[in-house]
Amino acid sequence: MTKLRKRDVEALLQQYDLDPVAALTTALRTTLDQPDLDFTALVKLAGFDCARRIRLQAHETAAMDELVAELNELRTVSGGR
C-alpha cells in the first residue's frame, strides 16, 4: 500500500463534492497501487468488512464520507472498521 501525499489528499477533498466516486476512485487507486481498477474492484480489494463494502458500493453518502475522512487522516485505508 502507498500513503497518499499531501497533494493527493488536497485533490481528493477538492474533487469530492463534485464527484465523490471519481475522487475516491483516484485516491484508492493510489493507495492500493492499482491504477486501472474501477471503484467496485478497489472497494473489494481494500479489505473492508462486508457491511462497509456494501454501503460503499451502494454509494451511501455516510459511508463515502467516512472513507474520505479516513483517507484524509490516515492517508491510506485501514481495511475493516
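The values are calculated or read from the model by the stated rules, or taken from the named source; none is laboratory data. As the structure is a prediction and not an experimental result, all values here were calculated from the model. Ideal geometry is used to build each Cβ from the backbone, glycine not excepted, and the neighbour counts take in all protein chains shown. We work out accessible area using only protein heavy atoms, side chains counted, and drop any ligands, DNA or RNA first. Shrake-Rupley method; radii C 1.70, N 1.55, O 1.52, S 1.80 Å.
Within segment 45-81, how many residues are closer than 18 Å to residue 34 by Cβ, without any contact (Cβ under 8 Å) to a residue 12 or more places away in the chain and surrounded by 14 or more Cβ atoms within 10 Å (Cβ to Cβ)? Residues meeting the conditions: 2. Mind listing just one residue for me: the one in segment 24-44 that is farther than 14 Å from residue 8 by Cβ and among the acidic types (Asp, Glu) and, of those, least open to solvent (accessible area, probe 1.4 Å)? Once the filter is applied, the top-ranked residue is 38. For segment 49-81, filtered to residues that are assigned to a loop (DSSP other than H, G, I, E, B) and of a type in the set (A, V, I, L, M, F, W, C), the residue that is farthest from the chain's Cα centre (by Cα) is 58. Residues in segment 6-19 that are under 15 Å from residue 70 (Cα atoms), charged (D, E, K, R) and either open to solvent by less than 80 Å² (accessible area, probe 1.4 Å) or touching a residue at least 12 places away in the same chain (Cβ under 8 Å) (or both): 8 alone.
Looking across segment 19-36, just one residue is in a helix (DSSP H, G or I) and of a type in the set (D, E, K, R), and that is 29.
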